[in-house]
Amino acid sequence: MKKSLIFCLSLGILAGVIWWGCQPGRSRAALVQEQFRKDIIQLDSSVSLLLKSVENKAKPAEIQSHFCQARLAYKRVEWLTDYYFPETAKNLNGPPLDEFEEADQVVIPPEGFQVIEEYLFPHVDTTQNAALLQHLKVLKANLTRLTFMDGSNQLTDQHIFDAARLELFRIFTLGISGFDSPAALHSLPEARAALRAIEDNINVYREELQEEDPVLAQQLQRQFELCHQPLQGSFEAFNRLDYLTEHLNPLSKKLYEAQLALHIEPFGESRALSASAMTMHDSAAFNPEHYLSVASQGTTPQKVELGKRLFYDPILSGNHQRSCASCHQPDKAFTDGITRSASLSGGTIQRNTPSLLNAALQARLFSDSRVVYLEDQAQDVIANIDEMHGSLEKAVDELQHHAAYKKAFQKAYPTEAISPQTIRNAIAAYERTLLSLNSRFDQYVRGNYKALNASEKRGFNLFAGKAKCATCHFLPLMNGTVPPFYEKAESEVLGVPAQAGWKNLSLDSDLGKYNLTKADLHRHAFKTPTVRNVELTAPYMHNGVYKTLEEVVEFYDRGGGQGLGLIVPNQTLAADPLHLTIEEKADLVNFMKALTDVSAIQ
């Protein structure tokens with residue numbers, strides 16, 4: 001593996017920056033589109049060489065070399081492909097896992113570079129040559145589709161700058177974390193290729209920017225140069241924290257400033273990650289109002305005040321003895337600190353209580369991802385016979401005869417009567433204020449370089465590198481909502497045992513998402529939760545099996561359920577051990593504790 005990796009790294013040295021002079025009669029966007037089409041042609045040529053090398057049964061090192069070259073070529077088109085044609089991008093470079101299409105109830109097998117990568121790294125599997133050839137032919141067909149779709153596409157300056165900055169976020173969250181190069185570990189040279197493509201295309205605007213703001217033009221050019229330099233060396237040794245704070249975030253800011261200097265306004269439509277955020281770590285970068293079913297349900301101070309009162313009032317439960325706060329306790333980051341809460345029907349409820357902090361920044365809710373909106377989550381819990389065993393319809397009648405509540409509803413919903421919908425929406429409005437994005441880690445990334453100690457810094461680099469945490473707990477939200485669009489929530493099969501410890505274990509019987517979809521790939525699948533505030537939310541996992549963060553790290557270090565010897569045929573977590581040292585495990589835990597932010601609780 002080391003030889004092939006070194007060879008791949010050597011391919012990461014790309015050609016110099018493309019300089020675009022002013023071409024009369026050609027718009028900047030037209031020039032970018034022309035370059036994009038040239039890059040697609042180059043990508044197709046690179047894939048053809050890879051296909052030919054496999055057909056001719058070339059030496060393994062030569063095949064791996066052609067694969068690395070093709071991936072570098074893909075990284076030059078990734079920024080616009082994923083922006084304009086996300087489904088095609090998934091076909092070209094999606095995760096090597098089956099996907100379940102909920103609308104049609106069908107399982108879609110993976111295809112593209114990441115699937116092909118598994119045939120070639122760390123060693124070329126010559127026994128699977130026929131399957132490899134078939135995947136390569138499908139890849140070629142998808143490139144033909146990309147060419148066809150781009151033929152009717154029209155670029156604009158707004159879209160170009162928007163796509164460029166999203167690619168910077170993608171480079172960090174999915175690129176150098178190893179998410180899309182899990183076997184070849186070719187992440188750093190690929191990040192350089194993606195970054196070079198952005199620089200080449202933004203250079204179309206250099207002359208115009210030089211006229212508008214010559215100092216900014218020089219600063220932007222210099223920042224691109226600084227971003228290229230560190231992307232060398234080994235995957236594990238790469239200092240991701242320094243790269244984020246000293247290189248990528250400053251570049252993102254300069255690129256945004258250049259956009260404004262060129263009088264190119266950012267998009268104003270609702271997004272999870274705001275188009276006007278200078279970096280994805282800005283304090284107001286994420287919009288909790290984005291995941292609303294209708295705009296009229298938007299948050300107001302009056303709704304928040306009412307929702308908070310309802311949240312702490314047992315009036316919504318069937319026996320008037322349990323409130324939302326009974327299980328979501330503020331001092332425990334809105335969890336309850338026990339393995340499973342007591343059930344109103346006897347025994348315990350099925351799963352460990354999740355935190356509500358940043359619940360508004362998730363594309364799916366509950367451990368099995370069964371609802372999309374916070375309003376539906378509230379209704380589900382209130383009606384659940386084990387949790388609150390209440391009725392919103394009955395609550396309406398009671399609240400209508402409660403003078404203080406009647407007045408509060410009139411203030412919050414002046415044109416609406418008290419109804420199940422207004423009750424749900426009020427609680428959701430309060431929950432949308434429970435944001436926690438000002439931890440010591442966030443403060444460090446925003447410029448307070450005294451906020452983290454040496455162990456915590458090393459822990460972040462492990463989290464986003466060797467330990468592979470960030471390939472599921474995506475930055476910066478640290479949950480399973482996929483960047484840079486943050487519209488899809490990932491579920492994983494980890495093989496969580498029913499017992500703590502490391503010997504004589506059995507797989508936890510909870511089937512998770514399978515109970516909803518009946519798809520075999522979802523057996524024991526659970527939504528990836530946030531790692532933020534994890535210091536306060538023990539015990540851990542959907543069944544509360546682990547009491548400490550040290551146990552959780554040990555579970556992952558051993559390769560999940562499969563690594564512990566359990567039979568989990570559909571496990572999505574890599575079963576290979578991480579080989580973390582004792583010090584690395586401690587650093588990782590220390591970093592996770594630096595993600596604590598209780599400002600929303602106070």
For this session: Identify all lysines with a Cα-Cα distance to residue 52 below 20 Å; exclude those on the same chain that are fewer than 8 residues away in sequence.
Result: 137, 140
For this session: Could you tell me which of rounded, prolate or oblate describes the range 19-116, using a ≥ b ≥ c as the square roots of the eigenvalues of the alpha-carbon gyration tensor, with rounded for a/c under 1.5 and, failing that, prolate when a/b is larger than b/c and oblate otherwise?
Result: oblate
Exercise. With every protein chain present, what is the per residue accessible area of the chain (1.4 Å probe, Å²)?
Worked result: 42 Å²
For this session: Kindly express, to the nearest 10 degrees and within the range 0 to 90, the angle between helix 582-593's C-alpha long axis and the longest C-alpha principal axis of the chain.
Result: 60 degrees
For this session: Calculate the dipole size of the chain relative to its Cα centre from +1 charges on Lys and Arg beta carbons and -1 charges on Asp and Glu beta carbons; express the result in debye to the nearest 20.
Result: 620 debye
Exercise. Where a Cα-Cα gap under 19 Å defines reach, which aspartates and glutamates qualify for residue 457, not counting those fewer than 8 residues away within the same chain?
Worked result: 236, 242, 246, 442, 535, 550, 583, 584, 587, 597
Problem set entry | Cβ-based net charge around residue 496, under 9 Å, with every Lys or Arg adding one and every Asp or Glu removing one | -2
For this session: For the pairs 75/468; 90/513; 75/513; 488/518, note any where the Cα-Cα span goes beyond 27 Å.
Result: 75/513
Problem set entry | Unit charges at the beta carbon, dipole of the chain: most positive-side option, 561, 139, 281 | 561
Problem set entry | Sparse-neighbourhood loop sites, chymotrypsin sites (Phe, Trp or Tyr not before Pro) in the range 369-462 - DSSP loop, at most 15 other Cβ within 10 angstrom | 449
For this session: Rank-order 223-232, 244-253 by packing density, defined as the average count of other C-beta atoms within 10 Å over each peptide's residues, highest first.
Result: 244-253, 223-232
Exercise. Quick one: net charge of residue 392's neighbours, Cβ under 13 Å, K/R +1, D/E -1?
Worked result: -4
Exercise. Rounded to the nearest 20 Debye, what is the dipole magnitude of the range 413-571 about its Cα centre when Lys and Arg each give +1 and Asp and Glu each give -1 at the C-beta?
Worked result: 320 debye
Problem set entry | Carbon plus sulfur fraction of accessible area for the chain, probe 1.4 Å, in percent | 53 percent
Exercise. Rg and Dmax of the chain, Cα atoms, in Å?
Worked result: 25.3, 82
Problem set entry | Qualifying chymotrypsin sites (Phe, Trp or Tyr not before Pro) in the range 240-302, DSSP loop, other Cβ atoms within 10 Å at most 14 | 267
For this session: Kindly provide the chymotrypsin sites (Phe, Trp or Tyr not before Pro) of the range 484-556 that DSSP labels as loop, not H, G, I, E or B, and whose Cβ sees at most 16 other Cβ atoms within 10 Å.
Result: 502
Exercise. If the viscosity is 1.567 mPa s and the temperature 4 °C, what Stokes-Einstein diffusion coefficient in µm²/s follows for the range 301-442 when Rh is the Kirkwood radius over Cα pairs?
Worked result: 83 µm²/s
Seminar exercise, completed: If one compares the long axis through the Cα atoms of helix 187-202 with the longest principal axis of the Cα atoms of the chain, the angle in degrees, nearest 10, works out at 80 degrees
Exercise. Going down the list 450/547; 59/466; 303/407, which pairs span over 19 Å between their C-alpha atoms?
Worked result: 450/547; 59/466
Exercise. Residues with beta-carbon under 14 Å from that of residue 523, excluding residue 523: net charge, scoring Lys, Arg +1 and Asp, Glu -1?
Worked result: -4
Problem set entry | Helical contribution to [θ] at 222 nm, DSSP H n ≥ 4, -39,500 (n - 2.57), averaged over the chain, rounded to 500 | -13500 deg cm²/dmol
For this session: Name the lysines eligible as straight-distance cross-link partners of residue 394: C-alpha to C-alpha under 18 Å, and not fewer than 8 places from it in the same chain.
Result: 406
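The values are calculated or read from the model by the stated rules, or taken from the named source; none is laboratory data. Predicted model only: the values in this text are computed from it and were never measured. Note that we place each Cβ from the backbone using ideal geometry, even for glycine, and neighbour counts take in every protein chain shown. These accessible areas exclude ligands, DNA and RNA; they are computed on the full protein's heavy atoms, side chains included. Shrake-Rupley method; radii C 1.70, N 1.55, O 1.52, S 1.80 Å.
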